[in-house]
Amino acid sequence: MEEQTREKYYESVHQWGRVTLTAAIFLFLGIGCYLSFVKGLHPGWEVIFTAFLAVAAMVGHTWVNLGDLVLYLLLMGPAATYMSQLTGNVKNMRLPSALASCAMLDEKEDRIKRDILATYGVAASVVVNTVFLGILAAAGHFILKVLPKEFLDTLHYIIPALFGAILGQFALKNRKVAAVSMLMVGIVISIPVIPVFLKAIAAIVFSASANLLLHKWERKKGNGQK
């Protein structure tokens with residue numbers, strides 16, 4: 001009887017997980033298609049392609065990272081994994097919440113009990129996250145309305161400042177790599193034949209390739225001196 005209950009539970013989890021993720025995909029794509037082709041707010045394929053490449057360059061590796069998915073299934077169970085993949089922030093919010101929920105259990109405890117507790121932990125993190133985001137979004141909208149235009153104009157520099165801070169953090173660890181990367185970015189920006197929507201991905205590829213060649217050359221030089 002216990003085995004049948006376990007099988008029925010996991011079968012239901014996978015069924016609803018596939019349904020909700022499929023519905024979410026169609027919903028997200030549907031909103032974009034509705035705004036683009038019904039409301040006439042299409043930004044242009046070049047802008048969409050540029051944004052896609054920018055996102056793919058940063059997090060594209062996670063789309064094919066089966067190792068993380070297997071790890072999530074082992075640590076959180078299928079239900080919490082489905083929920084986490086739908087809501088995001090897996091490593092920094094969902095996974096810690098799931099592990100914290102299961103911390104009270106013994107290692108020899110039944111697997112289904114751990115999975116159910118992990119699901120409750122992830123669900124609680126989603127609810128808390130959504131509530132606070134809603135409050136901050138509403139408060140932020142009100143604050144932006146009362147701020148002067150001069151201050152709002154400075155918000156355009158937030159993203160460059162964030163990327164500059166990240167570059168500075170990594171540049172302190174390896175100044176040579178940072179200098180080569182900045183050189184490659186400058187070269188890519190100055191080449192007019194590269195389309196604007198390809199400049200970001202081209203800068204990343206050129207920087208990585210140049211630093212890889214530099215690393216191989218330095219290692220070869222070091223081995224030659226020995």
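The values are calculated or read from the model by the stated rules, or taken from the named source; none is laboratory data. The model shown is predicted, which means the values in this text are computed figures rather than measured ones. For neighbour counting, all protein chains shown are included, and Cβ atoms are generated from backbone atoms with ideal geometry for every residue, glycine included.
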From VAL47, VAL70, residue being under 23 Å from SER125 (Cβ atoms) and part of a helix (DSSP H, G or I) = VAL70
Considering every residue within the range 71-93, establish whether at least one is among the β-branched types (Val, Ile, Thr), in the same structural domain as VAL128 (by TED's automatic domain parsing) and surrounded by fewer than 12 Cβ atoms within 10 Å (Cβ to Cβ).
-> no
Wholly within the range 104-189, helices (runs of 4 or more DSSP H) carrying at least 3 residues that are within 30 Å of TYR82 (Cβ to Cβ) | 111-146
Return yes or no: is ALA24 on the phi < 0 side of the Ramachandran plot, out of contact with any Gly (no Cβ under 9 Å at 6 or more places or on another chain) and modelled with pLDDT under 90?
-> no
With respect to GLY168, is the statement that it is loosely packed, with under 10 Cβ neighbours inside 10 Å and either under 24 Å from the mean Cα position of the chain (by Cα) or not hydrophobic (A, V, I, L, M, F, W, C) (or both) true?
-> no
